[in-house]
Amino acid sequence: MTDTFAGLEVVNSYADLPSSFYTRLVPQPLNNPRLLHANPEVGHLLGLSAEALAKPEFLDVVSGNTPLPGGQSLAAVYSGHQFGVWAGQLGDGRAHLLGEVVSASGNWELQLKGSGRTPYSRMGDGRAVLRSSVREYLASEAMAGLGIPTTRALALVVADDPVYRETVETAAVVARVSPSFVRFGSFEQWYGSPENLRVLLNYVVDRHYPECREAPSGEASGEEGTILRFMQAVAVRTAHLMADWQTVGFCHGVMNTDNMSILGLTIDYGPYGFMDAFQVNHVCNHSDTQGRYAWNAQPSVAHWNLYRLASPMLSLGVDAEAMKTALRHYESAFMDRYRANLCRKLGLASWRDNDDKLVDDWWQLLHTQKADFTLSFRSLAEAPADPEGFVQRFADGEEARAWLNQYLERLGVDRLAGGAQGDEAGRIKRMNRANPLYILRNHLAEGAIRAASAGDASEIETLLMLLRDPYTPRAGYEAYAAEPPQWADSLAVSCSS
Ligand code: AMP
Ligand code: MG
């Protein structure tokens, strides 16, 4: 652990790529930046001590006002499909990659978001508002607490600069870290430029997918084989991410290909939402009027996005049928992970043929009764011991009782197969480690935003404490595990950020 950024080893592998991949430039300074919050967990990942985060030098770097020692700051170029339509060149319009920290936990790129204009800003101002920055800061750490792949957040900075959205808001910067910020759209950028496409492919494969270089017997060696194995690996990681999102009720909101991580991480938190009342076609982003990115559409959208990623690869001469075969792994990887997650959440020993019906009926019950996603799953552990308590959670007790009977019968099948009465205490414990009690509900984030707007980070601190381990009940924090209050109905999140 070191007390200063200068004590870290910093490399610049992305800056070593050809200059067409980025523009070197420094962040635009902020006026009177203040450190609203620093995250010691992520500091630790980088090798920074808790003391380091309290030093003025830390704020200077994470606000973008002084360079990261040893870093070569840049904004990366990428393209993408937005809402199903080719949008052409996009890029880091308000983000600066500061450099790549080499630490005991691996290599971590450090990137500022909201750090000013770049050649890729198009009509934007290069800034991010406090509201959306608090939401990104909290959500990435909430995801990590749930064990779901995500970029992480190191620090949250607020400044005096006004930012003009629907109203005048406050500028903020999130310092985020990830092994890589390369997106599907980074590859789409080089459709028609095979040389650059190969450079990016080799860069990503060497650093993050080295196993794809090795051809198992019977598989093609050389570039085509590597690409096919790479695409399969990306498909599998993406499928696992989608299964994880679905089973915590997370909606990303803007699953454009420029917001899809090549590492299968959750990236670019904007108008996301963790569902309160379950609606199978819930749309969290008020700008998404067509419902393209509804909860139940996410898995198929990700698959569609993989095909957009495949398109530049095919231009390198990869066989289209072989590519389809590689991408077909998406469906099985999704189903395997989805079922494994649901087994853990429902407390089932393993997936059985009829479980599709049990799960479909469960979603149906939650949907028709607008039941709370998180608390309904959480209530399952105690349902066998307290069936009345379970049934009373639902508006229509009969429908709930019918499903519960089906569920209890299913648990009985596992008990019989186990050859004994089963380990009830163990089952309850395991289920309560699979079904979070606390989740980053919109109204909780809103409470943290309101306090942060007044310079008070205590709500952020409280939420991080709860969300880092969202499974363990904490005395005195019952309100944070409750369904949303009425005023939460009026909260709307949109692409404005
Ligand atoms: P998003 O949908 O937030 O992931 O952003 C899509 C594209 O718009 C990316 O290229 C962003 O860098 C860019 N962008 C979003 N907001 C701004 C902004 N305020 N200023 C400049 N570029 C932006
Ligand atoms: Mg984005």
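The values are calculated or read from the model by the stated rules, or taken from the named source; none is laboratory data. Model, not experiment: these values are computed from the prediction. As a convention, Cβ positions derive from the backbone with ideal geometry for all residues, glycine included, and neighbour counts pool all protein chains shown. For accessibility, only protein heavy atoms count, side chains too; no ligands or nucleic acids. Shrake-Rupley method; radii C 1.70, N 1.55, O 1.52, S 1.80 Å.
A few comments on the model shown:
- Condition met for R237 (over 30 Å from E446 (Cβ atoms), more than 16 Å from ligand 2 (Cβ to nearest atom) and either modelled with pLDDT under 95 or open to solvent by 50 Å² or more (accessible area, probe 1.4 Å) (or both)): yes
- Selection status of G253, exposed (fewer than 15 other Cβ atoms within 10 Å of the Cβ) and touching a residue at least 60 places away in the same chain (Cβ under 8 Å): no
- Region 241-294: number of residues that are more than 14 Å from ligand 2 (Cβ to nearest atom) and either of a type in the set (V, I, T) or part of a loop (DSSP other than H, G, I, E, B) (or both): 21
- Just one of (1) open to solvent by 10 Å² or more (accessible area, probe 1.4 Å); (2) more than 16 Å from ligand 1 (Cβ to nearest atom) fails for S287. It is (2).
- Residue match in region 168-180 (condition: open to solvent by 10 Å² or more (accessible area, probe 1.4 Å), under 24 Å from the mean Cα position of the chain (by Cα) and in contact (Cβ under 8 Å) with a residue 40 or more places away in the chain): yes
- Output for region 67-92, where each listed residue is over 19 Å from A15 (Cβ atoms), over 20 Å from the mean Cα position of the chain (by Cα) and open to solvent by 10 Å² or more (accessible area, probe 1.4 Å): G84, V85, W86, A87, G88, Q89
- Total residues in region 162-186, condition under 25 Å from G99 (Cα atoms) and within 15 Å of ligand 1 (Cβ to nearest atom): 12
- Count of region 462-477 residues which are in contact with a Phe, Trp or Tyr (Cβ under 7 Å, 6 or more places away or on another chain) and either under 30 Å from F83 (Cβ atoms) or not in a loop (DSSP other than H, G, I, E, B) (or both): 2
- Of the residues making up region 269-284, those that are free of Cβ contacts under 8 Å to residues at least 60 places away in the same chain and either within 14 Å of ligand 1 (Cβ to nearest atom) or touching a helix residue (DSSP H, G or I) at 6+ places or on another chain (Cβ under 7 Å) (or both) are N281, H282.
- Taken residue by residue, region 370-385 has at least one member that is closer than 26 Å to A481 by Cβ, surrounded by fewer than 17 Cβ atoms within 10 Å (Cβ to Cβ), outside the structural domain of F278 (by TED's automatic domain parsing) and of a type in the set (K, R).
- Qualifying residue in region 259-268 (condition: among the hydrophobic types (A, V, I, L, M, F, W, C), away from ligand 1 (no atom under 16 Å from the Cβ), closer than 25 Å to E109 by Cα and open to solvent by less than 40 Å² (accessible area, probe 1.4 Å)): yes
- Flag not set for L197, criterion: under 21 Å from A302 (Cα atoms), modelled with pLDDT of 95 or more, outside the structural domain of R152 (by TED's automatic domain parsing) and open to solvent by less than 10 Å² (accessible area, probe 1.4 Å).
- When E446 is tested against the conditions (1) more than 20 Å from the chain's Cα centre (by Cα); (2) open to solvent by less than 70 Å² (accessible area, probe 1.4 Å); (3) among the acidic types (D, E), the lone failure is (1).
- Residue list for region 103-119, filter: in contact with a Lys or Arg (Cβ under 9 Å, 6 or more places away or on another chain), within 13 Å of ligand 1 (Cβ to nearest atom) and open to solvent by 10 Å² or more (accessible area, probe 1.4 Å): K113, R117, T118
- Of the residues making up region 326-369, those that are crowded, with 21+ Cβ neighbours inside 10 Å and not in a helix (DSSP H, G or I) number 2.
- Residues that are hydrophobic (A, V, I, L, M, F, W, C) and more than 16 Å from ligand 2 (Cβ to nearest atom) were ranked within region 93-102; the one that is surrounded by the fewest Cβ atoms within 10 Å (Cβ to Cβ) is V102.
- Residues that are of a type in the set (D, E) number at least 2 in the following helices (runs of 4 or more DSSP H) confined to region 110-222: 130-146, 194-208.
- Number of positions in region 200-225 that are over 15 Å from I262 (Cα atoms) and open to solvent by less than 10 Å² (accessible area, probe 1.4 Å): 1
- Qualifying residue in region 1-17 (condition: farther than 29 Å from L197 by Cα, touching a residue at least 40 places away in the same chain (Cβ under 8 Å), open to solvent by less than 10 Å² (accessible area, probe 1.4 Å) and touching a helix residue (DSSP H, G or I) at 6+ places or on another chain (Cβ under 9 Å)): yes
- Residue in region 343-353 that is acidic (D, E) and at pLDDT 95 or above present: no
- Residue within region 295-318 that is aliphatic (A, V, I, L, M), open to solvent by 50 Å² or more (accessible area, probe 1.4 Å) and under 19 Å from D244 (Cα atoms) present: no
- So Y480, is it part of a loop (DSSP other than H, G, I, E, B), open to solvent by less than 70 Å² (accessible area, probe 1.4 Å) and closer than 22 Å to A277 by Cα: no
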